[in-house]
C-alpha cells in the first residue's frame, strides 16, 4: 500500500470493512495510475487530479515551492513535469500565483501529494484544481529514481494514464507521440489577438515598485511566445505601457506601432521551429531596442545568425547559478528551458557573451556590441524565486530612455 501522510483512510476493496460509520466521510478511493517512458520503464502509482491519459516530454524541476507558477507557465506546454521536492500540494492553490489563465503542462508527477492544504491564501486543493483543468497527475512513485534516470539518459517522451492499464499499449502510444525537437509550440500558447496590459503586482509579496527610473512612460510591444504574467507585471512596474502581440505578428505591423522597445517573451518548444518569429526579428534588428528572455533569447540568437541545440535534460528550477561575466557576480536564477544557444555560433565581432551557467557553462546571455539589443536565457522576474536579476528590467528601461534621447 502506498503511503500518504495527508490521507485519513486508505482505499479499501470492500466498503463493508469500515467498522466505524463516523469515519466513512473521510474515505478516499484511490485510482491507480501509470507513467510509462519511451525506454520501457514503468512506474505505478496513485492518480490525483483528472482521470484520463496524456503524452509529453518528461522533465524535472528542482524548485521547492512554486508549483502553481510552474503548472501555469506556458513554457511547459507539451511536457510532463516531475517535482524533485517530495511533498507537493501542501499550501494548495490561490488566485494570485497564476502565470496564465490555465495550466499548460501535459501531466504532473510527484512523490507525495498533500490532500489537505494548509495556508491562509489557499482557496482549494491542488488536486481539485487539476481536475477542473483536466490535468492528469500521478503520485507515490520514486521521483528520485525518475530524476536520476532523466539525468543519465536525457529527457524522454512518456505517458501518464488512469484509463489504460496495458503496458504494451501505453508504450506504443508513447512511441507514436511527437519529439520535442522540431516542434513549434509557441503558436499553440500565444494570444489569439493583441491586448493592452497595465497591471502590477498588488499582493503583499510584490517587489517594491521602481522609483529610480524616468517618470516618463515607455511604449513596449511584447511578442507573446508564451509570456508569463509576472513578466508583464515587472515591465509595467518600470513604467512601461504594454501591448501584447501574437507570436505571428509581422515586423511591418510592429514598426507601424512605433514602439519605444520590443520585448521577446519566454515560451515552449524548439526555437528553430518557430521560423516565422525568426524572420520577423531579422527585420526588427537595428530598428528598436530589444530585450529577450528564454525562448526570446534563443530566437534572437537565431535571427542574428547563431544556432541552438537541445540540452540533455534542460534547466528547470529556482536555484541555478549564473555568472555575470561583466561584473563577476553570481546570480541565483529561475530557469525553465530545454534548448540553449551555441555561443560559438555567434559572431564575436558584433556579439558579446554576458552570462554563463555556472553548473554546465552553457550560454545564459549576450548583448550586441553596437545596437541596443540584449537577452538572457533565464527568468529575471523570478516568480517565484530569487530576485537577483531584476536589474535587467531596469537595464531595458534605461536602454529605451537612451534611444529616445
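The values are calculated or read from the model by the stated rules, or taken from the named source; none is laboratory data. None of the values given here were measured: they were computed from a predicted structure. Glycine gets a Cβ as well: all are built from the backbone with ideal geometry, and neighbour counts include every protein chain shown.
Points worth noting:
- Residue match in segment 263-270 (condition: touching a residue at least 12 places away in the same chain (Cβ under 8 Å), in contact with a strand residue (DSSP E or B) (Cβ under 9 Å, 6 or more places away or on another chain) and part of a strand (DSSP E or B)): yes
- Any hit, segment 243-259, residues being buried (at least 20 other Cβ atoms within 10 Å of the Cβ), in the same structural domain as residue 393 (by TED's automatic domain parsing), assigned to a strand (DSSP E or B) and in contact with a strand residue (DSSP E or B) (Cβ under 6 Å, 6 or more places away or on another chain): yes
- Residues in segment 215-238 that are outside any helix (DSSP H, G or I) and crowded, with 17+ Cβ neighbours inside 10 Å: 218, 220, 221, 222, 223, 224, 225, 226, 227, 228, 238.
Each row is one residue, and each column tells you yes or no for (1) out of contact with any helix residue (DSSP H, G or I) (no Cβ under 6 Å at 6 or more places or on another chain); (2) assigned by TED's automatic domain parsing to the domain that holds residue 199; (3) not in a helix (DSSP H, G or I).
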residue	(1), (2), (3)
70	yes, no, no
82	no, no, yes
90	yes, no, yes
97	no, no, yes
115	yes, no, yes
119	yes, no, yes
122	yes, no, yes
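- Test: residue in segment 153-165 that is in contact with a strand residue (DSSP E or B) (Cβ under 9 Å, 6 or more places away or on another chain) and assigned to a helix (DSSP H, G or I): yes
- Failed item, numbered, when residue 150 is tested on (1) modelled with pLDDT of 95 or more; (2) loosely packed, with under 15 Cβ neighbours inside 10 Å; (3) at negative phi: (2)
- Enumeration of residues in segment 31-72 that are crowded, with 19+ Cβ neighbours inside 10 Å and within 13 Å of the chain's Cα centre (by Cα): 59, 60, 61, 63, 66, 67, 68, 69, 70, 71, 72
- All told, residue 145 falls short of being under 21 Å from the mean Cα position of the chain (by Cα) and either surrounded by fewer than 20 Cβ atoms within 10 Å (Cβ to Cβ) or assigned to a loop (DSSP other than H, G, I, E, B) (or both).
- Of the residues making up segment 202-210, none is surrounded by 15 or more Cβ atoms within 10 Å (Cβ to Cβ), in contact (Cβ under 8 Å) with a residue 24 or more places away in the chain, over 20 Å from residue 400 (Cα atoms) and under 16 Å from the mean Cα position of the chain (by Cα).
- Criterion (on the phi < 0 side of the Ramachandran plot and either surrounded by fewer than 20 Cβ atoms within 10 Å (Cβ to Cβ) or without any contact (Cβ under 8 Å) to a residue 40 or more places away in the chain (or both)) met by exactly one of 377, 395: 395
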